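This report refers to the structure that appears directly beneath it.
The values are calculated or read from the model by the stated rules, or taken from the named source; none is laboratory data. Being a predicted model, the structure only gives us computed values, none of them experimental. Virtual Cβ from ideal backbone geometry, glycine too; neighbours counted across all protein chains shown.
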Amino acid sequence: MNYLTQFIFAYISTAGFAVIFNAPSRAIYKSGLAGALGWLCYMLALDAQLDKAIASFIGALIVGLISEWYAIKTKRPVTIYVIPGIIPLVPGFGLYYTILSIIQNDYPKAAQTGFEATFIAIGIALGLILALQAGKGLRTSYIHRQHLSR
């Protein structure tokens, strides 16, 4: 699949989850854009031959930074953008195949897919932590500038 198709499907899935999570209507398209851009960066990182965990870290970092920027500009909680935004990055297939391998008594494959899914989840968590910490600094400086300009 080309990048445009990947972007469109990631946007639709992220916006769909934003609707399911009852995000405000003005936040749905922004959540979709954050998730789609994060997924696009993930796909570009994979095409650059990076590991899935590192690609997930990069995608989550992008989702987190965009979500923080939207939260600052719209004065809304960052969670309405970041939670739907990371949905495309969640290693659902890896977790499914881990459980399937356990059921089929294929423990070496279960360990392999389980470790890979765990490292992807850690990459997502680290990317979000880094982005949200950077966002705290951005939010503080933005509020400080708003206060000084009055």
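Here is the figure for region 76-108: residues that are among the charged types (D, E, K, R), more than 30 Å from Asn22 (Cβ to Cβ) and surrounded by 15 or more Cβ atoms within 10 Å (Cβ to Cβ) total 0. The condition of being at pLDDT 75 or above and over 24 Å from Leu95 (Cα atoms) holds for only one of Leu148, Leu130, that being Leu130. State which residue pairs qualify: first residue among the β-branched types (Val, Ile, Thr) and inside region 91-103, second residue surrounded by 13 or more Cβ atoms within 10 Å (Cβ to Cβ) in any location, beta carbons under 7 Å apart, and separation of 6 or more residues or different chains. Qualifying pairs under 7 Å: Thr98/Ala110; Thr98/Thr113; Thr98/Gly114; Thr98/Ala117; Ile102/Ala110. Answer yes if at least one residue in region 3-24 is surrounded by 15 or more Cβ atoms within 10 Å (Cβ to Cβ) and over 21 Å from Gly92 (Cβ atoms), and no otherwise. No, region 3-24 contains no residue that is surrounded by 15 or more Cβ atoms within 10 Å (Cβ to Cβ) and over 21 Å from Gly92 (Cβ atoms).
Helices (runs of 4 or more DSSP H) fully within region 48-131 that include at least 1 residues being over 26 Å from Ile12 (Cα atoms): 92-103.
Annotation note: of Thr74, Thr98, Thr118, the sole residue that is polar (S, T, N, Q) and under 19 Å from Ser25 (Cα atoms) is Thr74. Hey, could you check region 121-136 for residues that are surrounded by 14 or more Cβ atoms within 10 Å (Cβ to Cβ) and not hydrophobic (A, V, I, L, M, F, W, C) and say which is nearest to Val63 (Cα to Cα)? For region 121-136, the residue satisfying everything is Gly127. Condition test on Gly59, is it under 22 Å from Ala45 (Cα atoms), of a type outside the set (A, V, I, L, M) and free of Cβ contacts under 8 Å to residues at least 24 places away in the same chain? Criteria not met by Gly59.
Listed here are the residues, each with its yes/no results for (1) at pLDDT 95 or above; (2) of a type in the set (Ser, Thr, Tyr); (3) in contact with a helix residue (DSSP H, G or I) (Cβ under 7 Å, 6 or more places away or on another chain).
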{"position": "Tyr11", "(1), (2), (3)": "yes, yes, yes"}
{"position": "Val19", "(1), (2), (3)": "yes, no, yes"}
{"position": "Ala23", "(1), (2), (3)": "no, no, yes"}
{"position": "Ile66", "(1), (2), (3)": "yes, no, yes"}
